[in-house]
Amino acid sequence: MSQSIEVVIPVHDPARPLERGLRSILAQRAGLAALGVELGATVVCHNIAVEDIKQSLPPGVAADDAVTWLGHMDGVKSPAGPRNAALDRSSATFLCFLDSDDYLEAGSLVAWWKAAETHAAAAVVAPLRTPEGTILRSPRIRPSKPAVLDAVKDGLAYRSVPYGLLRRDALLACAFRYAEGVLIGEDLETTLKLWFRGGLVVYPYAAPAYHQTDSSGPSRVTSAVRPLAEEFQWLDALVQSPWIHTATLAERRAIALKLLRIHGIGALVRRGSIADSHGSPVWSAADQTAWAKARMQLLDLAGGSLPALTRPEAAL
């Protein structure tokens, strides 16, 4: 085989529907082999014994020679560590990161690989299907459907996670790495760096999608309402990153606007809508301080103003 694809799945709970995700990968071997591409899956068992996860699967799936099993014990409730561990040991041409509760639609990897090869792309942004079955309008691509995406004009900042097919050489060249020790947002800074500084990025229009599900269960880390200082911990790393300081004003404004709209305002809205809030926001003095800091960091990143906020967003 002249090239290879490695799909990485971190898993920390045997109750996750890992079998579905693995079968969605393994079913695509023949199609890729016909193109000279070897396919493998790496399951990283995070803070749990490898055997505990293997025993949750049918023997034929667990023992498939295309599946590599790794253990990663770091005591942190974040997928950053296991993803980095897989990245460090990989020799594949392309990497694809899959959450353990999601799956890949039939033919997706072939379609994404063809898009990557056609344009010698550093990254292929996967179409993202929601649990409701619709394709998410993210990134916000221009109606002209350009073959190669422009990070600003096509709203790449709005795709916060690198679902798709990523050329490993491009990841190494831009020092792509998930932020360890951060409970949420571990992928934000490094994904933005990939989109804006990693090389050509393409979108495979009408291709089979990465399929998100609602099967994550009650242990999902990102679903909890936590202190704002924790929610915005990733922002300190972003605003201190050398690459962001070399970005153009248009790039920085596009990034800041998306972060304020989706992550900032999203955090505020979430506090006013949790079940026990009785219509009042969960808002401590520490949260107020953290919000003031985050807001100022984003405004500074944007050059002092964010004029594209809607009236309700600005009022909030």
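See the values below:
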read-out	value
Helices (runs of 4 or more DSSP H) contained in the range 1-102 and holding at least 1 residues over 19 Å from TRP113 (Cβ atoms) and over 19 Å from the mean Cα position of the chain (by Cα)	18-26, 50-54, 59-62, 80-89
Residues of the range 69-96 satisfying the condition of being touching a Pro at 6+ places or on another chain (Cβ under 7 Å) and either at pLDDT below 95 or surrounded by fewer than 22 Cβ atoms within 10 Å (Cβ to Cβ) (or both)	HIS72, PRO79
Complete set of residues in the range 1-28 that are under 25 Å from GLU51 (Cβ atoms), open to solvent by 10 Å² or more (accessible area, probe 1.4 Å) and not hydrophobic (A, V, I, L, M, F, W, C)	GLU6, PRO10, HIS12, ASP13, PRO14, ARG16, PRO17, GLU19, ARG20, ARG23, SER24
Tabulated pairs, the range 61-82, first on the phi > 0 side of the Ramachandran plot, second open to solvent by less than 40 Å² (accessible area, probe 1.4 Å), C-beta under 9 angstrom, 6+ apart or interchain	none
Search result, residues across the range 235-264 that are open to solvent by less than 20 Å² (accessible area, probe 1.4 Å) and in a helix (DSSP H, G or I)	LEU235, LEU238, ILE244, ILE255, ALA256, LYS258, LEU259, LEU260, GLY264
Boolean, VAL182 is out of contact with any strand residue (DSSP E or B) (no Cβ under 7 Å at 6 or more places or on another chain), assigned to a loop (DSSP other than H, G, I, E, B) and at pLDDT 95 or above	no
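The values are calculated or read from the model by the stated rules, or taken from the named source; none is laboratory data. Predicted model only: the values in this text are computed from it and were never measured. Reconstructed Cβ throughout: ideal geometry from the backbone, glycine too, with neighbour counts over all protein chains shown. What goes into the accessible areas is simple: the full protein's heavy atoms, side chains included, and nothing from ligands, DNA or RNA. Shrake-Rupley method; radii C 1.70, N 1.55, O 1.52, S 1.80 Å.
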